[in-house]
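Asker: Dropping the structure in here first, questions after.
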Amino acid sequence: VQLQASGGGLVQAGGSLRLSCAASGLTFSNYDMGWFRQAPGKEREFVGAVNWRRGTTYYSDSVNGRFTISRDNAKNTVLLQMDSLKPEDTAVYYCAGTRRYSGSTYPREYDYWGQGTLVTVSS
């Protein structure tokens, strides 16, 4: 199983980025997919997730209304559109997959992880 996250970079506050996570080696359509982030010196935190069956999305309060998760089961890809970025969004962003839980906010409940992609938001 491999999850490959990409799309990170440097952006000014108020700008946008779109992260992509490509999955292989699993039946993608059976997995709920989540995004997490980890800033230097901080614990990994939940950003959002999308349900595999209904496409229901879940977001943390800190990104709700600014970030949008979508998935394309035909392409084995999940996207994270990030708008109105703030300096506090600076972190390494990880995608993850789980078959066991829907909308989980706990990293321990995810089975597979990507390698992370760095997002830096300048003020």
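The values are calculated or read from the model by the stated rules, or taken from the named source; none is laboratory data. In this text, all values refer to a predicted model and were calculated from it rather than measured experimentally. No Cβ is skipped: glycine too gets one built from the backbone with ideal geometry, and neighbour counts run over all protein chains shown. Keep in mind that these areas ignore ligands, DNA and RNA; they rest on the heavy atoms of the full protein, side chains included. Shrake-Rupley method; radii C 1.70, N 1.55, O 1.52, S 1.80 Å.
Asker: So how strong a dipole does the chain carry about its Cα centre when Lys and Arg Cβ are +1 and Asp and Glu Cβ are -1, to the nearest 20 debye?
Answerer: 260 debye
Asker: So what is the relative contact order of the chain, in percent, for Cα pairs below 8 Å that sit 6 or more residues apart?
Answerer: Relative contact order comes out at 36 percent.
Asker: Excluding ligands, DNA and RNA, what is the solvent-accessible area per residue of the chain at a probe of 1.4 Å, expressed in Å²? Could you put the intermediate results ahead of the total?
Answerer: Values: 6270 Å² over 123 residues.
Value returned for the chain: 51 Å² of accessible area per residue.
Asker: I would also like to ask the following. Of the accessible area of the chain, with the probe set at 1.4 angstrom, what percent is carbon plus sulfur?
Answerer: Numbers: 2770 of 6270 Å².
On the chain, the fraction of accessible area on carbon and sulfur atoms equals 44 percent.
Asker: Here is a further query. When DSSP assigns beta bridges and you keep just the ones with both residues in the chain, what percent turn out antiparallel, to the nearest 5? The partial results should precede the final answer.
Answerer: Working: 37 of 42 bridges.
Here the share of antiparallel DSSP bridges comes out near 90 percent.
Asker: Given a Förster radius of 22 Å and the C-beta distance between R66 and R99 as r, what FRET efficiency does 1/(1 + (r/R0)^6) yield to the nearest 0.05? Kindly include the intermediate steps, with their values, before the conclusion.
Answerer: Working: r = 28 Å, r/R0 = 1.29.
Between R66 and R99 the formula returns 0.20.
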